[in-house]
Amino acid sequence: MTDYEPLTSTVRPLTQSIITVRIIKSFPYRNVKNYILKDYDISSKKPRDLLDDIVNKIKTEGGLRPYRTVNYDSLKIYTHAHGSKTMNLVINFEHDEDWFLDLNSENSLHQLGVGM
């Protein structure tokens, strides 16, 4: 028997990832809704695909109705699995250079650091 216990983020295949997306409506009022995407393929999806999927969910699901009035135009990684988190409850103000996802990128979400 080994002492090594594999992490959940390394056992699941990239085609069945679980991603939590923070949908931010207002920074001053801290209107944030966490939305969980299950079985999301981060090996082939690009940042634009993720944003389009989230906007589509916002438009179709009743629980996200208050978030329909906002124009969503960017994606940023909040934290990496098993890493330290920020003290800010809305957005991570650190890593501005490298954790913003370029919506025009041709790289997959996994190549850009999502799910790591």
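For this structure, a couple of remarks:
- Within the option set R48, R22, R30, being on the phi > 0 side of the Ramachandran plot and of a type outside the set (S, T, N, Q) holds for one residue only, R30.
- Residues being in contact with a strand residue (DSSP E or B) (Cβ under 8 Å, 6 or more places away or on another chain) and hydroxyl-bearing (S, T, Y) - total across region 10-42: 5
- Within region 1-59, the set of residues being under 18 Å from K76 (Cβ atoms), part of a loop (DSSP other than H, G, I, E, B) and either modelled with pLDDT of 90 or more or of a type in the set (A, V, I, L, M, F, W, C) (or both) comprises F27, I42, K45, K46.
- Within this structure, I91 fails the test of being assigned to a loop (DSSP other than H, G, I, E, B) and modelled with pLDDT of 70 or more.
- Scanning region 69-84 for residues that are farther than 18 Å from L37 by Cα and modelled with pLDDT of 90 or more yields T69, V70, N71, D73.
- Scope region 60-75; condition of a type in the set (S, T, Y), part of a loop (DSSP other than H, G, I, E, B) and out of contact with any Leu (no Cβ under 9 Å at 6 or more places or on another chain); matching residues: T69
- Per the conditions (1) under 17 Å from S108 (Cβ atoms); (2) surrounded by fewer than 11 Cβ atoms within 10 Å (Cβ to Cβ), the sole criterion not satisfied by I19 is (2).
- Selection count, region 27-53, where residues are in contact (Cβ under 8 Å) with a residue 40 or more places away in the chain and over 16 Å from S108 (Cβ atoms): 3
The values are calculated or read from the model by the stated rules, or taken from the named source; none is laboratory data. Everything numeric in this text was worked out from a predicted model, so none of it was measured. Every residue, glycine among them, receives a Cβ derived from its backbone with ideal geometry; neighbour counts consider all protein chains shown.
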